[in-house]
Amino acid sequence: MDINNKNIVLTGASSGIGLAILKLLLGYRSVRIVAVARHIETIPSVDGVVFPFSADLSNESGVDCLFEYTQSLFGDIDIFIANAGYAYLEKLSNPDWKHIENIFALNTFSPIYSLQKLAKQDVNKSTCFVSTISGVAQVSLPYYSLYCSTKAALHQFIEAYRYESSPKLHIMAVYPVATRTSFFEKAANEKQPPIPFLSQSSDTVAKAIIRGIEKDKKQVYPSFLFRIFKIIGQNFPFIFSLYSLSEKRKVDKNLHL
């Protein structure tokens, strides 16, 4: 899809991958971008181009408000980039329904609901939905079990929904490895957790996403090494087990959960 002249929604736009994507989008001609986050202070406001919008997308009303605001600005959405999400780094102990519900609400329910709303637009109009999933949808990362499960659920939803959706709706799934941002510190309540093996910068992921949109990719793996690792692990599953055990030991050694 040609990104020039498009109406775009970008969630999780205040930092990390989202902010890196936003900066790249500013290089395109006549784009209009609704840049969404809970806290929008770090989002650059460019008159007539970037429209910062504060919303809690972990609930139905927040997503509804986003669509109403965007459609009041410029009508239909051409590209929706669902990038918002977060993780817990924790050792699960006491049962806590709300704790589980909170992470699934933003990481899984919100992008699925957003995709459904996007699909209700003019079915004859070409649109693109991009979902930032994660490599952990396919390879387990100990102490991030809830985060892994939210991403695995989203991965399977998108894989199945492709068969049901309109051919005019292009769906792209993105599988970054560990991205060197404040993501992991936030997951660990501002402690300094070890970064999982195979990591990349937010700029690398953002560039891969932009290229994927332009080339109408269905799946994007920003890390070439992860693609190789995934192929090897699918043929020799014990590789994934060794990786997960290694990452568990790193956390045990550094954080003593």
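No value in this document is a laboratory result; all are computed from the given coordinates. For clarity, every value in this text was computed on a predicted model and none was experimentally measured. Cβ atoms come from the backbone with ideal geometry, glycine included; neighbour counts cover every protein chain shown.
Can we say SER54 is touching a His at 6+ places or on another chain (Cβ under 8 Å), farther than 11 Å from ASN7 by Cα and surrounded by 12 or more Cβ atoms within 10 Å (Cβ to Cβ)? Criteria met by SER54. Taking helices (runs of 4 or more DSSP H) as the structural unit, those lying wholly within the range 176-257 and holding at least 1 residues that are among the acidic types (Asp, Glu), touching a residue at least 12 places away in the same chain (Cβ under 8 Å) and more than 20 Å from ALA20 (Cβ to Cβ) correspond to 238-255.
For the range 39-67, taking the residues that are part of a loop (DSSP other than H, G, I, E, B), under 18 Å from the mean Cα position of the chain (by Cα) and free of Cβ contacts under 8 Å to residues at least 24 places away in the same chain, the one that is nearest to ILE103 (Cα to Cα) is identified as ASP56. Taking the range 198-211 only, how many residues are surrounded by 21 or more Cβ atoms within 10 Å (Cβ to Cβ) and over 14 Å from the mean Cα position of the chain (by Cα)? Selection size over the range 198-211: 0. If you scan the range 166-196, which residues turn out to be over 22 Å from PHE224 (Cα atoms), small (Gly, Ala, Ser) and buried (at least 17 other Cβ atoms within 10 Å of the Cβ)? ALA187, ALA188, listed by residue number. Only residues that are more than 16 Å from TYR88 (Cβ to Cβ), assigned to a helix (DSSP H, G or I) and either in contact with a Ser or Thr (Cβ under 7 Å, 6 or more places away or on another chain) or polar (S, T, N, Q) (or both) were counted across the range 104-122, and they come to 6. Of the residues in the range 49-71, at least one is under 30 Å from PRO142 (Cβ atoms) and among the charged types (D, E, K, R).
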